[in-house]
Each structure stands twice: as structure tokens, then as C-alpha cells.
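Participant: My questions will all concern the structure given below.
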Amino acid sequence: MLKRNGKPIRADAAPENGAADAPREFKENDVINGQIDGYIKDNPKYWETIKAMPRERLERHVIYQQLRFNARKEKLDNGVLRRVEENPALKDVFDKLIEQLPENQREQARVNIARNIVFSEARSQRQTAKNAVAV
């Protein structure tokens, strides 16, 4: 059952809720709902602020959060690609891997492979530092 502000939403109320022709089905996840309920319980002032927002302002807030998420992801991806570009040996292997892929998949693969390489390097460096014996 869908709820808004703790009140059930009727199936025939779709047009007044901003939906097009048919009500949309949303998945319910008890674990995530529990986390959300816990956050609401711990942050009642923030929850009241959210509930007081007009619908358009709330919708714009959700879009703004997505824009921020995309900007952070792009910044991380650019940093990861830059680290690969700085290492000539790694760049050669990297380019050979990428050239085997179709053109439309190369950019996403570049980011994914670079992210895996850089993160695994960082992981191995942390492991080495952790396992080092202090003299």
C-alpha cells in the first residue's frame, strides 16, 4: 500500500497526485523503510521541514540531489581517469583493453576499468601498509 505523509493513497487518487493515466507501482523494501523510519525518528525537525515543503519545491529538491550526485560521480570518474593517464605502462594496457570494445561501450568501460584499477591499487597499498612490520 502506498502512503504519503503516513496516510494511504487511494488508487483512484492518481490524477490528483500528479500521475498521468494510471497509478504507478512502487516497490516496498522493509529494510530501507526501517532505515528511513529510524532517520525520521532521529531527525524530527528535518522531517517536519520536508513535510512542510510544497510539492514542487520537494520535487526540485530531489532533482537537485540527483544533480549533486551526478557531479560528484563525474568528478570521481575524472580523477580516476587522470590517474590512469599519468601512468604510461598502465595507459598502454588500458588502451589495448578498450580498443577491443564496440565504440558505443568504450566510454563507460573506460570509467569502469579505470575505477577498478585505481581502487584495487589503493586497496593493495593499504594492505601492504597494514601488513608492514614496524621496526
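Participant: Go over the candidates Q100, Q66, Q105 one by one and state the one that is open to solvent by 50 Å² or more (accessible area, probe 1.4 Å) and at pLDDT 95 or above. Walk me through it before giving the result.
Facilitator: Working: Q100 fails: at pLDDT 95 or above; Q105 fails: at pLDDT 95 or above.
The conditions single out Q66.
Participant: Among L101, L90, L81, L58, which is the only one that is closer than 27 Å to I36 by Cβ and among the aliphatic types (A, V, I, L, M)? Before you say what the answer is, go through the steps one by one.
Facilitator: Details: L101 fails: closer than 27 Å to I36 by Cβ; L90 fails: closer than 27 Å to I36 by Cβ; L81 fails: closer than 27 Å to I36 by Cβ.
Sole residue among the options that is closer than 27 Å to I36 by Cβ and among the aliphatic types (A, V, I, L, M): L58.
Participant: Please go through the stretch 71-91 and pick out each residue that is under 23 Å from the mean Cα position of the chain (by Cα) and open to solvent by 70 Å² or more (accessible area, probe 1.4 Å).
Facilitator: Matches in the stretch 71-91: R72, K73, E74, K75, L76, N78, R82, R83.
The values are calculated or read from the model by the stated rules, or taken from the named source; none is laboratory data. Predicted model only: the values in this text are computed from it and were never measured. Cβ sites come from the backbone with ideal geometry, for glycine too, and all protein chains shown count toward neighbours. Just the protein is used for accessible areas: all its heavy atoms, side chains included, with ligands, DNA and RNA removed. Shrake-Rupley method; radii C 1.70, N 1.55, O 1.52, S 1.80 Å.
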